[in-house]
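The values are calculated or read from the model by the stated rules, or taken from the named source; none is laboratory data. Quick caveat, the model's predicted, so the values are computed rather than measured. Note that each Cβ is placed from the backbone with ideal geometry, even for glycine, and that neighbours are counted across all protein chains shown.
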Amino acid sequence: MILRFLEAIGRLVRESIARLGYATRAFFELLGLSPGALRRPALISEQVHFIGNYSLLIIAISGLMVGAVLGLQGYYTLSTYGAEQKLGTVVALSLVRELGPVVTALLYAGRAGTSLTAEVGLMKAGEQLAAMEMMAINPVQRVLAPRFWAGVIAMPVLAAVFSAVGVLGGYIVGVQLIGVDEGAFWSQMQSGVDVRADILNGMIKSFVFGVLVTFTALFQGYEAEPTPADVARATTRTVVISSLIIWGMDFILTALMFNK
């Protein structure tokens, strides 16, 4: 029994490494074919609209609610130490450093990522990708590359919207409802948030998440078996794998960026 257990673990590890290597090769192939897609910006702008605009509402509402909760919890915690004037700094740093990129990436994976996986998977199941190959059109360049770069562009913008609306939510709760001094809220925020160390690093996080989550969604759809059942399983894999990648990369990037 122990030998069978070790054999199963070894098979799983071997298959995972092979799958990772295949995905890495597919990623560099996608990058190599990207210049052809970048020469057709209309395709990318159409996908930015599909990915970004249709995700904007859930991003904005979620950012407002997260900011409001941060304002409420932050005030109760800071008031214990008589530092409630620091509420603006706490809300802004929490959003631009961590919650903005991470929560936006998770929402993006659940909303846009699954949509991309289902769209590409159904195109494969309907033999549309095979038809492109018959017409000497590379489906990676024509279908995947525009969607990939649209996701890379849209993700940092969505994260910025999330953080901005989150600060507004913290302001509404902390200043308008609880009564924190408005001047102290904004001045402490301006003095405590650094553009390069905080905002820029947060945008770099969101860019990395955009690359990884968008590629994961497209790869899962492109490699799914051409059946409705496997396309459905591919959308589930997109959410699970993207969530694990986001949390893992968030730890790595935080350790690299904010290790002072």
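Return yes or no: is S94 touching a residue at least 24 places away in the same chain (Cβ under 8 Å), among the hydroxyl-bearing types (S, T, Y) and buried (at least 21 other Cβ atoms within 10 Å of the Cβ)?
Judged against the criteria, S94 is not a match.
What's the total number of residues in segment 248-260 that are loosely packed, with under 13 Cβ neighbours inside 10 Å and either of a type in the set (F, W, Y) or in a helix (DSSP H, G or I) (or both)?
Here the count works out to 6.
For segment 189-203, how many residues are more than 20 Å from D250 (Cβ to Cβ) and of a type in the set (S, T, N, Q)?
Number satisfying all stated conditions: 2.
Need the failing condition index for V66 against (1) closer than 20 Å to F207 by Cβ; (2) modelled with pLDDT of 85 or more; (3) touching a Phe, Trp or Tyr at 6+ places or on another chain (Cβ under 9 Å), just the number.
(1)
Tell me which of these L244 doesn't satisfy, since it passes every other one: (1) touching a residue at least 12 places away in the same chain (Cβ under 8 Å); (2) of a type outside the set (D, E); (3) within 19 Å of L20 (Cβ to Cβ).
For L244, the failing item is (1).
Only one residue in G126, G113 is within 26 Å of the chain's Cα centre (by Cα) and either surrounded by fewer than 24 Cβ atoms within 10 Å (Cβ to Cβ) or farther than 19 Å from D181 by Cα (or both). Which one?
Result: G113 is the single residue among G126, G113 that is within 26 Å of the chain's Cα centre (by Cα) and either surrounded by fewer than 24 Cβ atoms within 10 Å (Cβ to Cβ) or farther than 19 Å from D181 by Cα (or both).
If you check every pair at least six apart or on different chains, which have Cβ atoms under 9 Å apart with a residue in segment 226-240 that is closer than 24 Å to V211 by Cα and aliphatic (A, V, I, L, M) first and a residue that is loosely packed, with under 15 Cβ neighbours inside 10 Å and at pLDDT below 90 second?
Hits for this filter: V231/E225; A234/E225.
Among the residues in segment 224-246, are any more than 15 Å from the chain's Cα centre (by Cα), acidic (D, E) and assigned to a helix (DSSP H, G or I)?
Checked against the condition, which is being more than 15 Å from the chain's Cα centre (by Cα), acidic (D, E) and assigned to a helix (DSSP H, G or I), segment 224-246 yields at least one hit.
Within the group T214, T227, T236, which residue is closer than 29 Å to L129 by Cβ, surrounded by 21 or more Cβ atoms within 10 Å (Cβ to Cβ) and of a type in the set (V, I, T)?
None of the others qualify; the one that does is T214.
Conditions tested, residue by residue: (1) surrounded by 22 or more Cβ atoms within 10 Å (Cβ to Cβ); (2) part of a helix (DSSP H, G or I); (3) touching a residue at least 24 places away in the same chain (Cβ under 8 Å).
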residue: E133; (1), (2), (3): no, yes, no
residue: M155; (1), (2), (3): yes, yes, yes
residue: M189; (1), (2), (3): no, yes, yes
residue: D198; (1), (2), (3): no, yes, yes
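Starting from segment 75-90, keep only residues that are of a type in the set (D, E, K, R), then list their pairs with residues that are not in a helix (DSSP H, G or I) whose Cβ atoms are within a distance under 7 Å, requiring at least 6 positions of separation or different chains.
Hits for this filter: E84/V180.
Within segment 70-91, can you find the residues that are surrounded by fewer than 16 Cβ atoms within 10 Å (Cβ to Cβ) and either on the phi > 0 side of the Ramachandran plot or of a type in the set (V, I, T) (or both)?
Matches in segment 70-91: T77, T80, G82.
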